[in-house]
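**Student:** One structure follows; several queries about it will come next.
The values are calculated or read from the model by the stated rules, or taken from the named source; none is laboratory data. Small disclaimer: the values here were computed from a predicted structure and weren't measured. Cβ atoms come from the backbone with ideal geometry, glycine included; neighbour counts cover every protein chain shown. Only protein heavy atoms, including side chains, enter the accessible area calculation; ligands, DNA and RNA are left aside. Shrake-Rupley method; radii C 1.70, N 1.55, O 1.52, S 1.80 Å.
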Amino acid sequence: MGIEPGRIHFSWVSSAESTKFVDVVKKVTSEVKALGPNKRFVKKKAKVA
Amino acid sequence: MIGYIDKIKEISKGLLEEKKVDMIIGFRKGTVPMINEPCVAKTSADVDNFVWDSSCGINLANYLTGRKEKIGIIAKGCDSRNIVNHIIENKINREQLTIIGVPCKGMVDRSKVKALVSSDIEEVIEKEDTMVISGADFEKTVKTSDVISKNCTICMHRNPVIFDELVAEEVDEQKDVNRYEDIDKIEAMDSGEKWNYFEDMFKSCIRCYACRNACPLCYCPTCFVDESKPQWVGKSQDPIDIWTFHFLRAYHCAGRCTDCGACVRACPMDIDVRLLTKKLEKDCFEMFNWEAGLSIDKRPPLDVFNADDPDGFIK
């Protein structure tokens, strides 16, 4: 639908896989940071006077 | 296809007179050209109102949800597949139904016909393979097969998959059609192009929910868009609210959509909402070798787990 690849990640991590969890979080955050702030699928808030 | 009507009436009257069914769901002539409307016949006299031509695009399975009576229903290929869905999803029992199958050659796309003429169409008279369209200052004959809906041109199941009576000999199924041409085009776009494409596609949506109301799959007592506690989606004309409605509705149809085209036919703004459900239909076909509504003995892919289900997206 037009969301950049790399902004959405799916992973299966067991509660016993702490190192995998850390790796996944690092990978996700670095890839999303590289893409910058999300501008798509963001609803603008209504202006209140 | 117009020749079917005598047989439809004969079977319908027989079923009602023998009291095998309490009512028959069919079509009667609509108030505007090219949209015949659903009609419930409870007596043989009612059956005389029935019509059959290429303007019977509405999916009649939509009127079966939760019914308790014994029902006769007239079913094209797609209607029959949605009846199968309804049986699988416990919305109706097979024993309640007498399905009058109608081999279909495709239903007309009003927009295509309207595009051929410059003023309002007042009357359409269908002949065997042609349609005579007329208005205040014109009369034009078109070949019916040139103006059938997009989903009908790529239909692979024109004959009913489940029926008790058949009104005519089965028609030849289409072969060598590229069902997913439109979807392949969108898949080839990069994310920016896709964003712009959908932005353009949905900008005319007025959120009338006609697509949802015409869809036989959308039978939830309260649709997620109508919920207020919690409110899943905003009720405004904000593009993001519009997108959320369309994308989520499409996901609710995953593995269930038969590509009957009811949503597109119902849309007053001519939005091709089918493109979303078609993508999911393609995914189900490619990943699970699944086509919805073909058998009442098989469970849909989102209903069952297999160890070899594709999971490449999970890292």
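**Student:** Say we look at the stretch B:161-173 and pick out the residues that are surrounded by fewer than 16 Cβ atoms within 10 Å (Cβ to Cβ) and touching a Lys or Arg at 6+ places or on another chain (Cβ under 7 Å); which of these is nearest to the other protein chains (Cβ to nearest Cβ)?
**Tutor:** Among them, the one singled out is B:Glu173.
**Student:** Can I ask one more? Just the residues that are more than 23 Å from the chain's Cα centre (by Cα) and modelled with pLDDT under 95, please, taken from the stretch B:91-124. Outline the logic, then answer.
**Tutor:** Going through the stretch B:91-124, the residues more than 23 Å from the chain's Cα centre (by Cα) turn out to be B:95, B:116-123.
Matches in the stretch B:91-124: B:Leu116, B:Val117, B:Ser118, B:Ser119, B:Asp120, B:Ile121, B:Glu122, B:Glu123.
**Student:** Mind checking which residues of the stretch B:238-265 are free of Cβ contacts under 8 Å to residues at least 60 places away in the same chain, more than 14 Å from chain A (Cβ to nearest Cβ) and open to solvent by 30 Å² or more (accessible area, probe 1.4 Å)?
**Tutor:** Once the filter is applied, which keeps residues that are free of Cβ contacts under 8 Å to residues at least 60 places away in the same chain, more than 14 Å from chain A (Cβ to nearest Cβ) and open to solvent by 30 Å² or more (accessible area, probe 1.4 Å), the stretch B:238-265 yields only B:His252.
**Student:** Take B:Pro310 and tell me if it is away from chain A (no Cβ under 14 Å), farther than 25 Å from B:Met201 by Cβ and at pLDDT below 95.
**Tutor:** So B:Pro310 does not fit the description; no.
**Student:** For A:Glu17, all conditions in the list (1) at the interface with chain B (Cβ under 9 Å from one of its Cβ atoms); (2) on the phi < 0 side of the Ramachandran plot hold save one; what is the number of the exception?
**Tutor:** Against the list (1) at the interface with chain B (Cβ under 9 Å from one of its Cβ atoms); (2) on the phi < 0 side of the Ramachandran plot, A:Glu17 comes up short only on (1).
**Student:** Cβ-Cβ distance below 6 Å, separation of 6 or more or different chains: which pairs start in the stretch B:208-237 with a residue that is over 19 Å from B:Pro268 (Cβ atoms) and open to solvent by 40 Å² or more (accessible area, probe 1.4 Å) and end on one that is part of a loop (DSSP other than H, G, I, E, B) and not β-branched (Val, Ile, Thr)?
**Tutor:** Every condition considered, the pairs that remain are B:Trp232/B:Phe224.
**Student:** I need the full set of residues from the stretch B:128-160 which are more than 15 Å from B:Gly106 (Cβ to Cβ) and either open to solvent by 50 Å² or more (accessible area, probe 1.4 Å) or among the hydrophobic types (A, V, I, L, M, F, W, C) (or both), in order please. Lay out the reasoning, then the answer.
**Tutor:** Keep residues of the stretch B:128-160 that are more than 15 Å from B:Gly106 (Cβ to Cβ), which gives B:132-141.
Passing the criteria: B:Val132, B:Ile133, B:Ala136, B:Asp137, B:Phe138, B:Glu139, B:Lys140, B:Thr141.
**Student:** Restricting to the stretch B:64-103, count the residues that are within 26 Å of B:Val147 (Cβ to Cβ) and open to solvent by 10 Å² or more (accessible area, probe 1.4 Å).
**Tutor:** 2
**Student:** Another one. All but one of (1) of a type in the set (Lys, Arg); (2) closer than 30 Å to B:Lys235 by Cα; (3) open to solvent by 70 Å² or more (accessible area, probe 1.4 Å) hold for A:Arg40; state the number of the condition that does not hold.
**Tutor:** Answer for A:Arg40: the failing condition is (3).
**Student:** Counting just the residues of the stretch B:112-127 that are closer than 14 Å to B:Val32 by Cα and in contact (Cβ under 8 Å) with a residue 12 or more places away in the chain, which one comes out least open to solvent (accessible area, probe 1.4 Å)?
**Tutor:** Per the stated criteria, the residue is B:Val113.
**Student:** Would the stretch B:277-290 turn up any residue that is free of Cβ contacts under 8 Å to residues at least 40 places away in the same chain and in a loop (DSSP other than H, G, I, E, B)?
**Tutor:** So far as the stretch B:277-290 goes, yes, one or more of its residues are free of Cβ contacts under 8 Å to residues at least 40 places away in the same chain and in a loop (DSSP other than H, G, I, E, B).
**Student:** How many residues are among the small types (Gly, Ala, Ser) and surrounded by 10 or more Cβ atoms within 10 Å (Cβ to Cβ) when one looks only at the stretch A:1-29?
**Tutor:** Within the stretch A:1-29, residues that are among the small types (Gly, Ala, Ser) and surrounded by 10 or more Cβ atoms within 10 Å (Cβ to Cβ) number 4.
**Student:** What residue, of B:Asp109, B:Asp137, is without any contact (Cβ under 8 Å) to a residue 24 or more places away in the chain and charged (D, E, K, R)?
**Tutor:** When all the criteria are applied, what remains is B:Asp137.
**Student:** Now, a different point. Can you run down the residue pairs with Cβ atoms below 7 Å, 6 or more apart or on separate chains, where the first is in the stretch B:41-63 and closer than 19 Å to B:Asn82 by Cα and the partner is of a type in the set (Asp, Glu) and buried (at least 23 other Cβ atoms within 10 Å of the Cβ)?
**Tutor:** Between residues of the stretch B:41-63 that are closer than 19 Å to B:Asn82 by Cα and residues that are of a type in the set (Asp, Glu) and buried (at least 23 other Cβ atoms within 10 Å of the Cβ), the close pairs are B:Asn59/B:Asp79; B:Leu60/B:Asp79; B:Ala61/B:Asp79.
**Student:** Okay, next question. Could you look through the stretch B:182-207, keep only residues that are part of a helix (DSSP H, G or I), in contact (Cβ under 8 Å) with a residue 12 or more places away in the chain and closer than 15 Å to B:Thr244 by Cβ, and pick out the one that is most open to solvent (accessible area, probe 1.4 Å)?
**Tutor:** Across the stretch B:182-207, the extreme among qualifying residues is B:Glu199.
**Student:** Now for a different question. Kindly provide the set of residues from the stretch B:291-315 that are part of a helix (DSSP H, G or I) and among the acidic types (Asp, Glu), ordered by number.
**Tutor:** Start the filter on the stretch B:291-315 by keeping residues that are part of a helix (DSSP H, G or I), which leaves B:301-303.
Listed by number, the list holds a single entry, B:Asp303.
**Student:** Those residues that are within 24 Å of B:Asp120 (Cβ to Cβ), assigned to a loop (DSSP other than H, G, I, E, B) and either open to solvent by 70 Å² or more (accessible area, probe 1.4 Å) or touching a Cys at 6+ places or on another chain (Cβ under 9 Å) (or both), I need them from the stretch B:19-43; list them, please.
**Tutor:** B:Lys29, B:Thr31, B:Val32, B:Asn36
**Student:** Right, another one. Suppose we filter B:Asp303, B:Asp272 for residues that are away from chain A (no Cβ under 14 Å) and farther than 30 Å from B:Lys114 by Cα; which single one remains?
**Tutor:** Of B:Asp303, B:Asp272, the one residue that is away from chain A (no Cβ under 14 Å) and farther than 30 Å from B:Lys114 by Cα is B:Asp303.
**Student:** When you look at B:Gly3, is it under 30 Å from B:Val142 (Cα atoms) and open to solvent by 10 Å² or more (accessible area, probe 1.4 Å), yes or no?
**Tutor:** yes
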